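Read the figures in this text as sums done on the coordinates, not as results from a lab. Given the structure is predicted, the values throughout are model-derived calculations rather than measurements. Note that each Cβ is placed from the backbone with ideal geometry, even for glycine, and that neighbours are counted across all protein chains shown.
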Amino acid sequence: MKRGGILHAELSAALARLGHTDELVIADCGLPIPDGPKLIDLAFSFGVPTFLDVLDGLLRELVVESALVASEMSAANPRCAVAMAERLPELERVDHEEFKRRVSGAKLVVRTGEASPYANILLRCGVPF
């Protein structure tokens, strides 16, 4: 058994396959997921697991080169916007329609049980050297 980190076998394996410049999306339970990216659905019920719990777990595992959120998050979900700025101060923002278009180019989408608006982020993988 693993000593720590992400215990979900499918998610752990998918993260290990990501390389430099690959993109992954952490999504709330309402984000439409297009065909294309591998989907790992962690949603159990509304609010479980939370977007921030999943984001924090993934940030402990990944090197992140850049991050993208919907600009609407600031007005519609200020708590989440503040949390994003604390974790990833160099966030890029685009309108939600553009964000949804970008999801199709991601290698991986991790769906959470989050049920608050615009709680989605696209992370671009970096390298540790």
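Remarks
- Candidates 9, 76 - the one that is of a type in the set (A, V, I, L, M), surrounded by fewer than 17 Cβ atoms within 10 Å (Cβ to Cβ) and free of Cβ contacts under 8 Å to residues at least 12 places away in the same chain: 9
- In the range 95-109, the qualifying residues are those that are not in a loop (DSSP other than H, G, I, E, B) and not β-branched (Val, Ile, Thr), and the one that is surrounded by the fewest Cβ atoms within 10 Å (Cβ to Cβ) is 97.
- In the set 70, 85, only one residue is without any contact (Cβ under 8 Å) to a residue 60 or more places away in the chain and either surrounded by 15 or more Cβ atoms within 10 Å (Cβ to Cβ) or among the β-branched types (Val, Ile, Thr) (or both); that residue is 70.
- Residue that is nearest to residue 10 (Cα to Cα) [pool: residues in the range 23-40 that are of a type in the set (A, V, I, L, M) and part of a loop (DSSP other than H, G, I, E, B)]: 33
- Count of residues meeting criterion [hydrophobic (A, V, I, L, M, F, W, C), buried (at least 16 other Cβ atoms within 10 Å of the Cβ), over 15 Å from residue 69 (Cβ atoms) and out of contact with any strand residue (DSSP E or B) (no Cβ under 7 Å at 6 or more places or on another chain)] in the range 14-52: 1
- Only residues that are hydrophobic (A, V, I, L, M, F, W, C), assigned to a strand (DSSP E or B) and in contact with an Asp or Glu (Cβ under 9 Å, 6 or more places away or on another chain) were counted across the range 110-129, and they come to 4.
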